[in-house]
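Structure first, commentary second.
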Ligand SMILES: Cc1ncc(COP(=O)(O)O)c(C=O)c1O
């Protein structure tokens, strides 16, 4: 039995989504920009996908920008403000590297960047955010759900504060598939398909009227906001993946949360382990656990030998061996920063897999501690 518990790094593609992508490749191969009939057919199909996505997200089709990845969407949301009159950006200490690096890019061009610290559970303090705002603040970029410890920020309050100060609010929602995705609460929002059982594609929601300088120049597609032929098969796949997750959101997230709680309960029976991250307002699929005295890398490899697949910290970067800035930011005991594992479940996780994973984890920890 292969037990995949690394769904914040990548999700398995949904079978229907895969079929929809194949169908689009086969039937809508005309370029939506071509004048002929097949081009028109593809353009209509593209419009249909956009219509459906905009209904789910409660926004206009003209507010959707498709990109290649979450990283690209985040780059566009932040670097797109390069010509803004105001030159101050506020972000948090637990953002994805694409947020930090986009901010650093603007910092080198004269922007001021404020990085807000977080508490032990990963939450920013609204008072501190309020105090950090100046007349020159153009943007607040705070992620919706943290990819390492599952913290769900108080998005509505952050948005209201930004609105009252006439500041733009961007949120990286790449890990927020099971949260409320109503674009009324955002100016800019980033999603990616591969975290919701869809294809590798990024989406940026950008509220009407926001002037973003494009970072990809070329044929002027997507109203000149992101040049390059639209990836119709992946847009269709993304639409279906988003639709499926939105239709069964509360039922599915409750099921995932129950299994996650069983996993945590089972693992915490092991001596010298503890859960990190929030007790409440935590992503339904995330469990981050410290195994005192053990190296996360040894645990990952031993679990992998037993067909249990997990990560430490941010899996998308874990091969690059960066210390986790999130664990630093929550001020985790220094001795435990190399000893934490992240378990992330999905709609495909089964109860018997959780039971078997707990058994294997207990065995592996016992062997490594001997
Ligand atoms: C919170 C978060 N933001 C952004 C990204 C980047 O997404 P992508 O890998 O599609 O560029 C990730 C990827 O893991 C993520 O977890």
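Can you classify the stretch 80-218 as rounded, prolate or oblate using the Cα gyration tensor, where a ≥ b ≥ c are the square roots of its eigenvalues, rounded means a/c under 1.5, and otherwise it's prolate if a/b beats b/c and oblate if not?
rounded
Pop the C-beta distance of residue 68 and residue 323 into the FRET formula with R0 = 22 Å and round what comes out to the nearest 0.05.
The formula returns an efficiency of 0.20 here.
Angle, helix 15-27 long axis vs. longest principal axis of the chain, Cα atoms, 0 to 90°, nearest 10?
30 degrees
Run the numbers for residue 163 and residue 213: contour at 0.36 nm per residue of separation, minus the present Cα-Cα distance, in nm.
Numbers: separation 50, 0.36 × 50 = 18.00 nm, distance 2.17 nm.
In short, 15.8 nm is gained.
Using 0.36 nm per residue of separation minus the Cα-Cα distance, give me the extension gain between residue 363 and residue 115 in nm, one decimal.
85.2 nm
How would you order 338-351, 101-114, 123-136 from highest to lowest mean count of nearby Cβ atoms within 10 Å?
338-351, 101-114, 123-136
Hey, what angle do you get for helix 37-57 against the long axis of the chain, alpha-carbon based, 0 to 90 degrees rounded to 10?
50 degrees
Semi-axes of the equivalent ellipsoid of the chain: what are they in whole Å, largest first, if each equals the square root of 5 times a C-alpha gyration tensor eigenvalue?
Semi-axes (√(5λ), whole Å): 35, 27, 17.
Relative contact order for the stretch 45-115 using alpha-carbon pairs under 8 Å, separation at least 6, rounded to a whole percent?
For the stretch 45-115, the relative contact order is 28 percent.
Between residue 254 and residue 130, take the C-beta separation as r, use R0 = 41 Å, and let me know the FRET efficiency to the nearest 0.05.
Working from the Cβ atoms, E equals 0.75.
Residue 265 to residue 350: extension gain in nm, 0.36 nm per residue of separation minus the Cα-Cα distance?
Values: separation 85, 0.36 × 85 = 30.60 nm, distance 1.60 nm.
The residue 265-residue 350 span can extend by a further 29.0 nm.
Enter the angle in degrees (range 0 to 90, nearest 10) between the Cα long axis of helix 249-267 and the first principal axis of the Cα atoms of the chain, meaning the one along which they spread out most.
30 degrees
Using a cut-off of under 11 Å, list every residue of the stretch 173-214 whose amide N is near the label point 7 Å from the Cα of residue 61 along the Cα-to-beta-carbon line.
none
Where a number appears in this text, it was derived from the coordinates with a stated rule and is not lab data. None of these values were measured; they are calculated from a predicted model. Every residue, glycine among them, receives a Cβ derived from its backbone with ideal geometry; neighbour counts consider all protein chains shown.
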